[in-house]
1. What's the average, rounded to a whole number, of partner chain beta-carbon atoms within 10 Å of each residue's beta-carbon in A:391-402?
2. Using the alpha-carbon centroid of each, what span in Å lies between segment B:162-198 and segment A:299-321?
3. I'd like the distance between the alpha-carbon centres of segment B:95-130 and segment A:44-116, rounded to an integer number of Å.
4. Please state the charge dipole magnitude for the protein assembly as shown, taken about the Cα centre, from unit charges on C-beta atoms (+1 on K and R, -1 on D and E), reported in debye and rounded to the nearest 20.
5. Residue-wise, which Karplus ³J(HN,Hα) couplings in Hz belong to segment A:231-240, taking 6.51 cos²θ - 1.76 cosθ + 1.60, θ = phi - 60°, and x for glycine or proline?
6. Considering amide H positions built from the backbone, and no H for Pro or chain starts, which residues 5 or more places from A:G379, or on another chain, come under 5 Å of its amide H?
7. Give the relative contact order (percent, whole number) for segment A:115-459; include only Cα pairs under 8 Å separated by 6+ residues.
8. Cα centroid distance between segment B:136-152 and segment B:220-259, in Å?
Amino acid sequence: MAQSEDIGGVAAEPSASLDWPKALRDAGLLALFTLGLSFPILAFRTRQDLTQGLVLDPRWGLVATVVAIAFFARLGWLVFGGALTRGAAAGAARVSRALAPVKPYAWIFRYIVLALLAAYPFLAVLFTGTGGALKWIDNFGIQILIYVMLGWGLNIVVGLAGLLDLGYVAFYAVGAYSTALLSTHFGFSFWICLPLAGIFAAFWGIMLGFPVLRLRGDYLAIVTLAFGEIIRLVIINWVELTNGASGISGIPRPTFFGLPFNASDEGFAAFFGLQFTPLHRLFFLFYLILALALLTNWVTVRLRRLPIGRAWEALREDEIACRSLGIDTVITKLTAFSIGAMFGGFAGAFFAARLGFISPKSFEFMESAVILSIVVLGGMGSQIGVAIAAIVMIGGTELLRELTWLKAVFGPSFDPTQYRMLLFGMAMVAMMVWRPRGLISNREPSIVLHEKRAIGGDMVKEGHG
Amino acid sequence: MDYFLQQLVNGLTLGSVYGLIAIGYTMVYGIIGMINFAHGDVFMLSVFIALIVFVLISSLVGGLAIALALIIVLVCAMALTALWSWAIERVAYRPLRGSFRLAPLISAIGMSIFLVNFVQLVQGPRNKSLPPIMDGGFVIPVGSGNITLAYKQILIILTTAVLLAAFWFVVQKTSLGRAQRACEQDRKMASLLGIDVDRTISLTFVMGAALAAVAGVLFMVQYGVVNFSDGFVPGIKAFTAAVLGGIGSLPGAVIGGLLIGLIEVFWSAYFSIDYKDVAAFSILAVTLIFMPSGLLGKPDVEKV
């Protein structure tokens, strides 16, 4: 079902008058093609039979559906596609015209968003009740904010310094594991572990950044991927220290100035004379990760104005010019790596303390790919773009869990969550094809000579470095 | 001595499979300078295709000679995997030609995620295993012990050698190969001279996928078990092989593949089996850092 839509969306020539025989032939060809693609892999499902080995269950009905969808999608696109694109373009132009008078007041919007974020847990309780709010704060609020924070942290490395890092999850893992080990072995509290996790992660950022200084572009990406996998494999295999694949449990939860969030007499609820509810901890965790994420953003925005931030952006644009102008590329790259890693470490510490349990499963390459895709889809270097991308990608895939009504359409065995990563992959490809520069590809220059104006994404050539 | 020789044979077998996959990476990198991240998953897909076609053939026509069945499976798998790879290139990479450099890499990562989850969805998350396809082998006495040369190991090494010779011929002697090498050197100039660059690039993807499908069939013969997640690690190792041999170089990819296979097998045999992937990843990192042009590659000249 999936690949047919992918192919159906490609390359339509705008045609004034429709050539029906040609369109039909075109759609028929695509249908034939889809049939070829789906022949063995979709048409037969392998099933392990205890007595006969492998047996095949034919599913020609599914193949017929997919081929029909491919045919009609392509035909529909050829018929209505041109009008649709024109309509969309006209609509976008109208929206941007309508927004033009509001533009100078965009700064107000920022405060509205902040206020909404601050009120989010209360709104969740208000609208969905206590039971529903647990899910909305935990699965949506906290989960998305973790990825926003990771995205902003990686944005320093990828978006500002232009160093493509495919192993960012390693620093997340370092943060999480240092918190877990320090707190379970030495009894350190979360508030001591948090800065330590950042320091350790930054240290690892320097350690891993040092050897890769000479590499650029996709070679750098692959080496960082290799480092990320090495760290994960060492965590899995060093069972004496990390407990291997079964992970570490019993990590103490963060406390509110020493007040634990439990039902005991010394707990948060008892101290303030409140009725105990698990919501208190979620509220606290939500505001904690919100604060950490905003800290990341604030530091990044500030750093961009410092000489080091300017050096990062110069490095991204042109490394050779940068070196010719006397910028120390070693220091510049290492600071980007270590500061980015530090925020990854903070996020890791939060992650470990939030669940109280970590295992190497949470730090697979897929996580790095997801974080990187958030940064790229958001438009590299754009803080607000990264936040929007995290909300869309993580929130969107979480929302799939809610689509239970689809069961009524596709039958009771239909499980929308299975399609989560499938759609994620498709969205990455589609976004790259549609907007390779990400959602927010315009950006304000950090430093200007005469007047301030946004620069189109095509004018900057990040990602070469 | 016999233990060493046995490991040598095993390493060469494994290395052949890596070498075949590595060619797909090296050809694509040579021609458009992108890491085809989804190539390992195309390999995994080809194992599934081979598996299904094999079961289909043996259930339709029982008692078919194993050699004939494997040839049919090989042809089907090569054709269908090539079709997939062509479609992937068409959908995910061609629209990005001329876009900024990281766009195709990210699109390829998206495609890789898509393929893994697509196969998981349509074929289920469990391991799929076949009964052993080819048993037995020669037992050669060496010194105090014996080494076993399984028939399937001979098949793997022979198939690899024959196909490499065939592809080497295509790249060196045919007009398609000339067009490929021309695009590798200068795409704009090649297109000015009347070479259909898009078609050449598509055919490069098709050739790489066909070789990955050969590796897939051999993988099925050798191990008989496949899982939807089996593409990532062989993919990375094959990429390591391509880099080690010098990316862009066909013989380099094979030599790199054999080296990676040997290192992996000897590492597991003499040191620690748990850390064999760490060894492969470390080789990748060390090669890229200290010897980015690999064994047979041309050094990358930077023009300002």
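The values are calculated or read from the model by the stated rules, or taken from the named source; none is laboratory data. Predicted model, so just to flag it, every value in this text is computed and none were measured. So basically every Cβ, Gly included, is an ideal-geometry build from the backbone, and we count neighbours across all protein chains shown. Heavy atoms of the whole protein, side chains included, go into the accessibility calculation; ligands, DNA and RNA do not. Shrake-Rupley method; radii C 1.70, N 1.55, O 1.52, S 1.80 Å.
1. If you average over the peptide's residues, the count of other-chain Cβ atoms is 0.
2. 41 Å
3. Here the two parts' Cα centres lie 18 Å apart.
4. The calculated dipole for the protein assembly as shown is roughly 1600 debye.
5. Computed from phi, the couplings for segment A:231-240 are 4, 5, 5, 5, 4, 5, 8, 8, 5, 4 Hz.
6. Amide H neighbours of A:G379: A:L439, A:I440.
7. 29 percent
8. Value for the Cα centre distance between the two parts: 26 Å.
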